[in-house]
Amino acid sequence: MSRRNWWKALSVVLLLYVAVAGLLMPVPRLAILNESIRNLYFHVPMWFGMTAILLASVYYSVRYLRTPTPELDIRAHEAARTGILMGLVGLATGSIWARFTWGAWWTNDPKLNGAAIAMLIYGAYLVLRSSFTDEQQRARISAIYNIFAFATAMPLFYILPRLTDSLHPGAGGNPAFAKYDLDSDMRLVFYPAVIGWTLLAFWLAQLASRVSLLKQKVYEKQLA
Amino acid sequence: MKNSLPKLRTGLLLLVALLLPALRIAAQATAPNEPEMADTLRQNGKIYVVVAVIAVVLAGLLFFLISLDRKLSRLEKEVRE
């Protein structure tokens, strides 16, 4: 790998570290949670990664609206798709964790429902994109929708759940980090996990974008 | 490609250094009446088998990503020419 791919190497090292240390490093002994506290290293970074990659998607969408190029549209689209993937994995892992700590696969918790609605908003982004035949129209309208989707989804994830009661840590006056993460042993794994999984999200989005860009180039060459 | 070996060594050393605190788990004392953790698994030593399997699976996936990345780079170069 070349010099500008150092962050991919960092992602590999951190993720391998997280897989091993996440299972072996000491964690606080807490009732109900037991060893499932280690899910913090895998479930929570999905949402951090999703937020970061969706923010990148908005960045590309804004840049597209300023200078419309097909490349910026492709990068915004693939970043959003990667974010949606991370979010779905986050919902699935959270559901498994909830089953064995709260006793149900899904509860009508504001944090859970907020996340589900936010994912639906992003699902509509994909539907919206697929409903245009004109490429420029598709790129422009989905760029605008993408900005609004981010602005609507973030309060649903991070603000509204804090205004009511919630079981979920980090919602309803329920501090996310005070209980587990003040533990310095967990910080040693949690922060690398967040960085590692976020970098992986950017790597996946970059690979997907490069495939789309190549496809486009080959298509243009065939037309020429 | 030429200087990828020292980089690999640096990466491995970094990984080993990061994992050193995990040795402390061996020294973690278990008092009675504490919430149940995977102590038996550790006593049997079998948890390390699971950790090794997960590490191999993840390494395989990441290796696949790296090779995909390289293939794409080559293809991009070909299309550019």
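Overview of values
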read-out	value
Index of the failed condition, A:ARG4 passing every other in (1) assigned to a helix (DSSP H, G or I); (2) surrounded by fewer than 22 Cβ atoms within 10 Å (Cβ to Cβ); (3) at pLDDT 90 or above	(3)
Pair list, Cβ under 8 Å, 6 or more apart: the stretch B:13-27 residue at pLDDT below 75, other residue outside any helix (DSSP H, G or I) and open to solvent by 80 Å² or more (accessible area, probe 1.4 Å)	none
Any hit, the stretch A:136-153, residues being away from chain B (no Cβ under 14 Å) and not in a helix (DSSP H, G or I)	no
Test result for A:VAL44, open to solvent by less than 20 Å² (accessible area, probe 1.4 Å) and either within 30 Å of A:ARG162 (Cα to Cα) or of a type in the set (D, E, K, R) (or both)	no
Cβ-Cβ under 9 Å pairs, at least 6 apart or on other chains, the stretch A:109-135 side without any contact (Cβ under 8 Å) to a residue 40 or more places away in the chain, far side part of a helix (DSSP H, G or I) and of a type in the set (D, E, K, R)	A:LEU128/A:ARG138; A:SER130/A:ARG138; A:SER131/A:ARG138; A:PHE132/A:ARG138
Failed condition for A:LEU199, given (1) within 29 Å of A:LYS8 (Cα to Cα); (2) within 14 Å of chain B (Cβ to nearest Cβ); (3) more than 16 Å from the chain's Cα centre (by Cα)	(3)
All positions within the stretch B:58-81 that are at the interface with chain A (Cβ under 7 Å from one of its Cβ atoms) and either more than 15 Å from A:LEU207 (Cα to Cα) or of a type in the set (Lys, Arg) (or both)	B:LEU58, B:ALA59, B:VAL79
Scope the stretch A:56-97; condition open to solvent by 50 Å² or more (accessible area, probe 1.4 Å) and either small (Gly, Ala, Ser) or closer than 22 Å to A:LYS217 by Cβ (or both); matching residues	A:TYR60, A:ARG63, A:THR67, A:PRO68, A:THR69, A:PRO70, A:GLU71, A:ARG75, A:ARG81, A:ALA92
Lone qualifier among A:LEU16, A:LEU40 - being more than 7 Å from chain B (Cβ to nearest Cβ) and not polar (S, T, N, Q)	A:LEU40
A:LEU167 being touching a Lys or Arg at 6+ places or on another chain (Cβ under 9 Å), open to solvent by 80 Å² or more (accessible area, probe 1.4 Å) and either closer than 21 Å to A:LEU88 by Cα or not in a loop (DSSP other than H, G, I, E, B) (or both)	yes
Yes/no for B:ALA55 being exposed (fewer than 12 other Cβ atoms within 10 Å of the Cβ), within 30 Å of A:LEU30 (Cα to Cα) and either modelled with pLDDT of 75 or more or more than 7 Å from every other protein chain (Cβ to nearest Cβ) (or both)	no
First in the stretch A:55-78 and more than 14 Å from A:ILE147 (Cα to Cα), second anywhere and surrounded by fewer than 24 Cβ atoms within 10 Å (Cβ to Cβ) and among the β-branched types (Val, Ile, Thr), Cβ under 9 Å, 6 or more apart	A:GLU78/A:VAL211
Subset tally (residues that are open to solvent by 20 Å² or more (accessible area, probe 1.4 Å) and aromatic (Phe, Trp, Tyr)) for the stretch A:7-35	1
Count of the stretch A:118-141 residues which are open to solvent by less than 80 Å² (accessible area, probe 1.4 Å) and under 19 Å from the mean Cα position of the chain (by Cα)	8
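The values are calculated or read from the model by the stated rules, or taken from the named source; none is laboratory data. All of these numbers come straight from a predicted model, not from anything done at the bench. Virtual Cβ from ideal backbone geometry, glycine too; neighbours counted across all protein chains shown. Just so you know, the surface numbers come from the protein's heavy atoms only, side chains and all, with ligands and any DNA or RNA stripped out. Shrake-Rupley method; radii C 1.70, N 1.55, O 1.52, S 1.80 Å.
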